[in-house]
Amino acid sequence: MIRGIRGATTVKNNDADEIIQVTREMIEAMASENDIDPETIASVMISVTPDLNATFPAKALRLIDGWKYVPVMCMPEINVPGSLPKCIRVMMTVNTSKNQKEIEHIYLNDAIKLRPDLIEENK
């Protein structure tokens, strides 16, 4: 079955190295917490808020062993007034036998504000 795994994180600065570093941390946590092998990934979509344009966060995936052929795309997030700034969001679609409730969605840094219900549920 194909399932979606959500992830989100934030950076302090619009800096290429920081964007790649925190994106990699989030992607690796998503894979680790959900026992994901890159061969089971259908695709990864990454959105960024309008205040982040120093680099493509998708570059982080190319630094992870075995992820060379994982399809990935970056796009802008909707610019909603009052939304969380400097945020990187991920939707990873994977083939898994886990049910929806077993999926561990990953929210790091200030992005934990986005889904506190999921953070508390997974503790």
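So, in the stretch 92-107, how many residues would count as being under 12 Å from the mean Cα position of the chain (by Cα) and either farther than 20 Å from P38 by Cβ or among the aliphatic types (A, V, I, L, M) (or both)?
Final tally of qualifying residues: 3.
Among the listed residues M30, M1, M26, M45, which satisfies the condition of being closer than 17 Å to H105 by Cβ and at pLDDT below 95?
So the residue among M30, M1, M26, M45 that is closer than 17 Å to H105 by Cβ and at pLDDT below 95 is M1.
Output the residues belonging to the stretch 36-50 that are surrounded by fewer than 16 Cβ atoms within 10 Å (Cβ to Cβ) and closer than 15 Å to G7 by Cβ.
The one that is surrounded by fewer than 16 Cβ atoms within 10 Å (Cβ to Cβ) and closer than 15 Å to G7 by Cβ: S43.
Which of the residues belonging to the stretch 25-65 are basic (K, R) and either in contact (Cβ under 8 Å) with a residue 24 or more places away in the chain or part of a strand (DSSP E or B) (or both)?
If the condition is that a residue be basic (K, R) and either in contact (Cβ under 8 Å) with a residue 24 or more places away in the chain or part of a strand (DSSP E or B) (or both), then K59 is the only one that fits.
For the stretch 88-114, how many residues meet the condition of being basic (K, R) and buried (at least 16 other Cβ atoms within 10 Å of the Cβ)?
Going through the stretch 88-114 one residue at a time, the tally reaches 1.
Which ones in the stretch 61-87 are small (G, A, S), farther than 17 Å from A42 by Cβ and either under 15 Å from the mean Cα position of the chain (by Cα) or surrounded by 10 or more Cβ atoms within 10 Å (Cβ to Cβ) (or both)?
The answer is S83, and nothing else.
Mind checking which residues of the stretch 9-24 are surrounded by fewer than 21 Cβ atoms within 10 Å (Cβ to Cβ) and assigned to a loop (DSSP other than H, G, I, E, B)?
K12, N13, N14, D15, listed by residue number.
The values are calculated or read from the model by the stated rules, or taken from the named source; none is laboratory data. Computed from a prediction, not measured in an experiment: that's the story for all the values here. Positions of Cβ are backbone-derived with ideal geometry, glycine not excepted, and every protein chain shown enters the neighbour counts.
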